[in-house]
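Notes for the one structure printed next.
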Amino acid sequence: MKIFCRVALVLVCWLFLHALWTTYDGMQPFTGHADVAIVLGNVVNEDGSLSPWLQGRVDEALALYRKKEVRKLFVSGGITPGRKPEGFAMRDYLLQHGVPKEDIIADNYGQNTYLTARDFIDLNKHEKYASAVVVTSFYHVPRSKYILKKLGYKNVYGDYSRAFFMFKDWYSLIRDCVGFYKYALVY
């Protein structure tokens with residue numbers, strides 16, 4: 001029983017330290033220039049509008065675009081039956097906010113972070129973007145940057161949504177810490 005308790009304590013401490021690192025890394029604002037912002041999807045409401053946590057991500061990418069810190073917006077998410085595809089919902093939101101269609105690339109096959117990264121890598125074989133900034137929730141930034149780098153895209157930065165949702169963010173922070181190691185082992 002002592003060994004079990006010690007192992008459990010070590011795991012809890014490790015998770016706590018990883019959560020601290022994730023929060024620190026994920027809350028570093030982007031302060032440079034990149035060719036493209038990669039916006040990761042989330043829930044689209046039944047009426048096709050963006051959920052508050054997805055809108056926060058898209059609004060941050062829109063701010064980077066308006067400040068001319070990025071030239072293009074790659075919006076990627078999945079498809080939920082009975083709802084507008086996430087990529088199209090984000091694209092439509094950006095169009096409504098004045099972003100020209102030619103500056104938006106919508107991807108609806110980014111069902112998870114790995115698939116979004118893979119879709120971006122495939123797109124980049126033709127587009128040749130030299131740098132990218134991942135825009136997502138703070139807890140998701142480190143894992144998103146990690147998988148892009150693991151797939152061979154080295155010049156990647158992060159920025160985070162300024163919309164916070166206490167319970168969802170805490171739960172997602174823990175989930176993403178565990179998910180980081182899944183990505184390290186599986187992909």
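So is residue 14 within 16 Å of the chain's Cα centre (by Cα) and modelled with pLDDT under 95 or not?
Here the answer is no, as residue 14 does not meet what is asked.
May I ask you to list pairs of residues, at least six apart or on different chains, whose Cβ atoms are under 8 Å apart, with the first in the stretch 167-181 being of a type outside the set (Val, Ile, Thr) and the second being surrounded by 15 or more Cβ atoms within 10 Å (Cβ to Cβ) and not in a helix (DSSP H, G or I)?
Every condition considered, the pairs that remain are 169/137; 172/137.
Report, ordered by the first and then the second residue, all pairs with beta carbons closer than 8 Å, sequence separation of six or more or different chains, a first member in the stretch 49-78 that is among the aliphatic types (A, V, I, L, M) and at pLDDT 95 or above, and a second member that is in a loop (DSSP other than H, G, I, E, B) and surrounded by fewer than 18 Cβ atoms within 10 Å (Cβ to Cβ).
Going by the 8 Å Cβ cut-off, the qualifying pairs are 54/43; 62/97; 70/33.
Of these, 172, 131, 161, which one is of a type outside the set (A, V, I, L, M) and within 17 Å of residue 18 (Cβ to Cβ)?
Testing whether each residue is of a type outside the set (A, V, I, L, M) and within 17 Å of residue 18 (Cβ to Cβ) leaves just 172.
Checking the conditions here, which among 82, 87 is outside any strand (DSSP E or B) and either surrounded by 23 or more Cβ atoms within 10 Å (Cβ to Cβ) or in contact with a Ser or Thr (Cβ under 7 Å, 6 or more places away or on another chain) (or both)?
87
Considering the stretch 43-59 alone, what residues qualify as being outside any helix (DSSP H, G or I) and either of a type in the set (Lys, Arg) or surrounded by fewer than 24 Cβ atoms within 10 Å (Cβ to Cβ) (or both)? Give the derivation first.
Going residue by residue through the stretch 43-59, those that are outside any helix (DSSP H, G or I) are 43-51.
Residues satisfying the conditions are 43, 45, 46, 47, 48, 49, 50, 51.
Take the conditions surrounded by fewer than 23 Cβ atoms within 10 Å (Cβ to Cβ), more than 16 Å from residue 41 (Cβ to Cβ), in contact (Cβ under 8 Å) with a residue 40 or more places away in the chain and in contact with a helix residue (DSSP H, G or I) (Cβ under 9 Å, 6 or more places away or on another chain) and apply them to residue 151. Does it pass?
no
Failed condition for residue 116, given (1) in contact with a helix residue (DSSP H, G or I) (Cβ under 6 Å, 6 or more places away or on another chain); (2) surrounded by 19 or more Cβ atoms within 10 Å (Cβ to Cβ), with all others met?
Just one mismatch for residue 116, condition (1).
The values are calculated or read from the model by the stated rules, or taken from the named source; none is laboratory data. Everything quoted here is computed from the prediction, not taken from an experiment. In this analysis, Cβ positions are derived from the backbone assuming ideal geometry, glycine residues included, and neighbour counts consider all displayed protein chains.
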